[in-house]
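Single-structure report; data block below.
The values are calculated or read from the model by the stated rules, or taken from the named source; none is laboratory data. This one's a predicted model, so the numbers in the text were calculated from it and none came from an experiment. Cβ: placed from backbone, ideal geometry, glycine included. Neighbour counts: every protein chain shown.
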Amino acid sequence: MFSPCLYEFDPYSFIKTLPELSKVVPSFRQMLLPRKTRGCPPTTLVLGLDGTLVHSTLVKPKEDHDFTFTVSFNSVKEDIYVRCRPHLKQFLDEVSGIFEIIVFTAGQRIYADKLLNMLDPSRKIFHHRLFRESCVNVAEKYVKDLTLLDRDLARVIMIDSSPHSFGFQVENGIPIETWFADPSDNKLLSLIPFLKSLAKVDDVRTEIKNRFNLQKIIADAY
């Protein structure tokens, strides 16, 4: 969750070598979410957490942080210091009425659930929360299989700072640069118009492919 990479990891090379989903998971698996209620928005927005919406650290930053909380890891209490990505509140305010919003994180539940309680104490923004145990472990990397959401993939969008996370459904994925501390970052803000346009189309995958062309990036990866 907080450990730095010890080597340069290319998510697109990783995706290129991913085996077929059917070869790494059982043929029958239980869906992760209940079916949508009648009043739920038709399009689902899946958000990563660390690096996508926030940056968390065990070391108290010299600069200001937005909030802190304590988690016990293996019976050891740790203070977590959290900074929110710039414009996070505006981003969530603008998309929360348009999409069914799911946070799908590779973070441990004991940590991520507390963090999400801080971001959404009334539980009105995030409709569902999924954690590390819901990911598929491939070569020690956590991949998020969107088919287990039991949603029409034509209406599912995933934004994640770790592109390998949506490696099984690249056509649904929007990569976003990992955020640590840059106060001038506006990546979330810049995505709002595109997301609003996706809420109006029958198949988000066509629009995402045309804008990001990840298939070519993956094909060209070494």
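Is it true that some residue in the range 19-42 is of a type in the set (Gly, Ala, Ser), touching a Lys or Arg at 6+ places or on another chain (Cβ under 8 Å), assigned to a loop (DSSP other than H, G, I, E, B) and under 25 Å from Glu171 (Cβ atoms)? Spell out the reasoning first.
Of the range 19-42, the ones of a type in the set (Gly, Ala, Ser) are 22, 27, 39.
Remaining after also requiring touching a Lys or Arg at 6+ places or on another chain (Cβ under 8 Å): none.
There is no residue in the range 19-42 that is of a type in the set (Gly, Ala, Ser), touching a Lys or Arg at 6+ places or on another chain (Cβ under 8 Å), assigned to a loop (DSSP other than H, G, I, E, B) and under 25 Å from Glu171 (Cβ atoms).
Of the residues that sit in the range 196-208 and are surrounded by 16 or more Cβ atoms within 10 Å (Cβ to Cβ) and in contact with an Asp or Glu (Cβ under 8 Å, 6 or more places away or on another chain), which one is farthest from Asp10 (Cα to Cα)?
Leu198
Got at least one residue in the range 46-61 being surrounded by fewer than 11 Cβ atoms within 10 Å (Cβ to Cβ) and either more than 25 Å from Thr147 (Cβ to Cβ) or in contact with a Cys (Cβ under 7 Å, 6 or more places away or on another chain) (or both)?
Taking the range 46-61 first, the residues surrounded by fewer than 11 Cβ atoms within 10 Å (Cβ to Cβ) are 59-60.
Narrowing further to those that are either more than 25 Å from Thr147 (Cβ to Cβ) or in contact with a Cys (Cβ under 7 Å, 6 or more places away or on another chain) (or both): 59-60.
Among the residues of the range 46-61, at least one is surrounded by fewer than 11 Cβ atoms within 10 Å (Cβ to Cβ) and either more than 25 Å from Thr147 (Cβ to Cβ) or in contact with a Cys (Cβ under 7 Å, 6 or more places away or on another chain) (or both), which makes the answer yes.
Determine if the range 96-114 includes at least one residue that is of a type in the set (Val, Ile, Thr), in contact with a His (Cβ under 9 Å, 6 or more places away or on another chain) and within 21 Å of Arg29 (Cβ to Cβ).
At the first step, the residues of the range 96-114 found to be of a type in the set (Val, Ile, Thr) are 98, 101-103, 105, 110.
Right, trim to in contact with a His (Cβ under 9 Å, 6 or more places away or on another chain) and you get 101-103.
Filter once more, so that each one left must be within 21 Å of Arg29 (Cβ to Cβ): 102-103.
Within the range 96-114, one or more residues are of a type in the set (Val, Ile, Thr), in contact with a His (Cβ under 9 Å, 6 or more places away or on another chain) and within 21 Å of Arg29 (Cβ to Cβ).
Taking Ile110 as the residue in question, decide whether it is touching a residue at least 24 places away in the same chain (Cβ under 8 Å), surrounded by fewer than 20 Cβ atoms within 10 Å (Cβ to Cβ) and assigned to a helix (DSSP H, G or I). Reasoning before the result, please.
Values: touching a residue at least 24 places away in the same chain (Cβ under 8 Å): yes; surrounded by fewer than 20 Cβ atoms within 10 Å (Cβ to Cβ): yes; assigned to a helix (DSSP H, G or I): yes.
Yes; evaluated as a whole, the condition is true for this residue.
Only one of these is buried (at least 19 other Cβ atoms within 10 Å of the Cβ), among the β-branched types (Val, Ile, Thr) and in contact with a helix residue (DSSP H, G or I) (Cβ under 6 Å, 6 or more places away or on another chain): Ile15, Ile125, Ile80. Name it. Steps first, answer last, please.
Values: Ile125 fails: buried (at least 19 other Cβ atoms within 10 Å of the Cβ); Ile80 fails: in contact with a helix residue (DSSP H, G or I) (Cβ under 6 Å, 6 or more places away or on another chain).
Answer to the selection: Ile15.
Pick from the range 65-95 the residues that are modelled with pLDDT under 95 and part of a loop (DSSP other than H, G, I, E, B): which of them is farthest from Leu188 (Cα to Cα)?
Ser75
What pairs can you find where one residue is in the range 92-107 and among the acidic types (Asp, Glu), the other is in a helix (DSSP H, G or I) and surrounded by fewer than 23 Cβ atoms within 10 Å (Cβ to Cβ), and their Cβ atoms are less than 8 Å apart, with a gap of 6+ or different chains?
Glu94/Ile192; Glu94/Lys196
Looking only at the range 185-221, filter to residues that are within 19 Å of Val156 (Cβ to Cβ) and basic (Lys, Arg); which one of those is farthest from the chain's Cα centre (by Cα)?
Looking at the filtered set, the residue picked out is Lys200.
Go through (1) closer than 26 Å to Pro42 by Cβ; (2) free of Cβ contacts under 8 Å to residues at least 24 places away in the same chain; (3) over 12 Å from the mean Cα position of the chain (by Cα) and name the single condition Thr147 misses.
Here Thr147 meets the rest and fails (2).
Given the conditions (1) farther than 20 Å from Asp182 by Cβ; (2) at pLDDT 95 or above; (3) part of a loop (DSSP other than H, G, I, E, B); (4) β-branched (Val, Ile, Thr), and given that Thr52 satisfies all but one, which numbered condition is not satisfied?
(1)
Which residues, taken from the range 167-193, are part of a helix (DSSP H, G or I) and either surrounded by 14 or more Cβ atoms within 10 Å (Cβ to Cβ) or β-branched (Val, Ile, Thr) (or both)?
Residues of the range 167-193 that are part of a helix (DSSP H, G or I), as a first pass: 167-172, 187-193.
If the condition is that a residue be part of a helix (DSSP H, G or I) and either surrounded by 14 or more Cβ atoms within 10 Å (Cβ to Cβ) or β-branched (Val, Ile, Thr) (or both), then Gly167, Phe168, Gln169, Val170, Glu171, Asn172, Lys187, Leu188, Leu189, Leu191, Ile192 are the ones that fit.
Among the candidates Asp93, Asp120, Asp150, which residue alone is at positive phi and among the acidic types (Asp, Glu)?
Details: Asp93 fails: at positive phi; Asp120 fails: at positive phi.
Testing whether each residue is at positive phi and among the acidic types (Asp, Glu) leaves just Asp150.
Can you pull out every residue in the range 142-166 that is under 19 Å from Arg35 (Cα atoms) and outside any strand (DSSP E or B)? Spell out the reasoning first.
The first filter runs over the range 142-166 and keeps only residues under 19 Å from Arg35 (Cα atoms), leaving 144-158.
Residues satisfying the conditions are Lys144, Asp145, Leu146, Thr147, Leu148, Leu149, Asp150, Arg151, Asp152, Leu153, Ala154, Arg155.
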